[in-house]
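In what follows, a single structure is set out as structure tokens and then discussed.
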Amino acid sequence: MSRKIQVMGIVNVTPDSFSDGGRYLDEGAALDHARRLIAEGADMLDVGGESTRPGAEPVDEAEEIARVTPLIAAIRAESDIAVSIDTMKPAVARAAIAAGATIWNDVTALGWSPEAPALAAEMGCGVVLMHMRGVPRTMQAAPRYGDVAAEVAAFLVARAEVAMAAGVARERLWLDPGIGFGKTAAHNLILLAHLDPIVALGFPVLVGASRKGFIRTIDPSAERTDDRLGGSLAIALAAATAGAAIVRVHDVRETVQALAVQAAISDAGDHD
Ligand code: HH2
């Protein structure tokens, strides 16, 4: 099934993630889940040991390392799939990269600690720089923007410059508008409708909106995260159309299929 955009499958090893918290806390269950996402066509896996949902409590560094490193090593032992580590903490990133991850997915855009940019450069890993306003515990308290798309793009390019100044190679950087991170539902929709200022910066763009709460503002019946598949697929298709390079999703099989059908329709249109 051909498609241009890559699919990143989410493997959360947390008790409290907003959509799958606690489901894969056991290492064996998490590994089975990772295997399933690989079989379903994921191009890469994003492993996370700390929830970033609004209101989430921070996790101790040692606990986070203990959650993610055995899983990353186990995935690495049986698959070549690219693995990213979803963490803001340099010590966790370092341990995860040592265990076999090759990408640091940082929702604070290497801003959580001053040593982060130099560490990313030293490790030579890929880096996802995501936009967030505030911190997860408080980020949804009345976020305000003038022009949200322009402000997010300006933040991301500034963080890319910080990373590159510290020695991270340009081609290792990905940018992410941070859907749901310090943004109202309206901000999220505007960002999805105007990904172009971010895509125009010339870095690959990652969009992570799978099962997120703002889908419920459009379909109020989608109270449970499991009920947001249709909305999540619509966002993945819109992200692909807007030129995103990667979508970060929970439902890999359905997303891969939707993107492949979209690509096939587009190809048929090109050849008629
Ligand atoms: N969203 C979440 C976590 N990490 N990383 C990037 N780059 N972009 C995102 O949009 C993003 C992210 C939140 O989703 P999830 O992992 O499902 O939940 P939780 O943070 O509660 O573990």
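Nothing in this text is a laboratory measurement; each read-out follows from the coordinates by a stated rule. Nothing here was measured: the structure is a model prediction, and the numbers come from that model. Because the Cβ atoms are built from the backbone with ideal geometry, glycine has one as well, and the counts that use them run over all protein chains shown.
For the stretch 64-71, take each phi angle, set θ = phi - 60°, evaluate the Karplus expression 6.51 cos²θ - 1.76 cosθ + 1.60, and give the result in whole Hz per residue in order, putting x for glycine and proline.
Going residue by residue, I get 5, 4, 5, 6, 9, 5, x, 5 Hz, with x marking Gly and Pro.
What is the ratio of the Cα radius of gyration of the chain to 2.2 N^0.38 Å, where N is its residue count, to two decimals?
0.94
Rounded to the nearest 20 debye, what is the charge dipole size of the stretch 6-270 about its Cα centre when +1 sits on each Lys and Arg Cβ and -1 on each Asp and Glu Cβ?
About 440 debye.
Taking amide H positions as placed in the peptide plane 1.01 Å from N, state which residues far from Asp46 in sequence (5 or more) or on other chains have amide H under 5 Å from it.
The answer is Gly9, Ile10, Val11, Ser84.
In whole Hz and in residue order, list the ³J(HN,Hα) couplings for the stretch 185-190 that follow from phi through the Karplus curve 6.51 cos²θ - 1.76 cosθ + 1.60, θ = phi - 60°; x for Gly and Pro.
Karplus-based 3J(HN,Hα) across the stretch 185-190 equals 4, 5, 4, 4, 5, 4 Hz.
Which value, in debye to the nearest 20, describes the size of the charge dipole of the stretch 155-236 about its Cα centre when Lys and Arg Cβ atoms bear +1, Asp and Glu Cβ atoms bear -1, and nothing else is charged?
Rounded to the nearest 20 debye, it is 140 debye.
Which residue fluctuates most in the GNM of the chain (Cα springs below 10 Å): Ser79, Ser210, Ser232?
Ser79
Check which residues have an amide H placed less than 5 Å from Arg211's amide H, if you skip close sequence neighbours.
Amide H to amide H, under 5 Å and 5 or more residues apart or across chains, Arg211 pairs with Ser232.
For the stretch 42-52, take each phi angle, set θ = phi - 60°, evaluate the Karplus expression 6.51 cos²θ - 1.76 cosθ + 1.60, and give the result in whole Hz per residue in order, putting x for glycine and proline.
For the stretch 42-52, the Karplus-derived couplings read 4, 8, 7, 10, 10, 9, x, x, 9, 6, 10 Hz, x marking Gly and Pro.
May I ask you to derive the relative contact order of the chain, considering only C-alpha pairs under 8 Å and at least 6 residues apart, and to give it as an integer percent?
Answer for the chain is 20 percent.
Which Cα, out of Ala185, Ala42, Ala120, lies furthest along the positive dipole direction of the chain (beta carbon charges, K/R +1, D/E -1)?
Ala185
Expressed in nm to one decimal, what extension gain is obtained for the pair Ala268 and Val157 from 0.36 nm per residue of sequence separation less their Cα-Cα distance?
Separation in residues times 0.36 nm, less the Cα-Cα distance, equals 36.3 nm.
Please check: in the Gaussian network model of the chain (C-alpha springs, under 10 Å), which one of Leu189, Leu110, Leu175 has the largest mean-square fluctuation.
Of Leu189, Leu110, Leu175, the most mobile in the Gaussian network model is Leu189.
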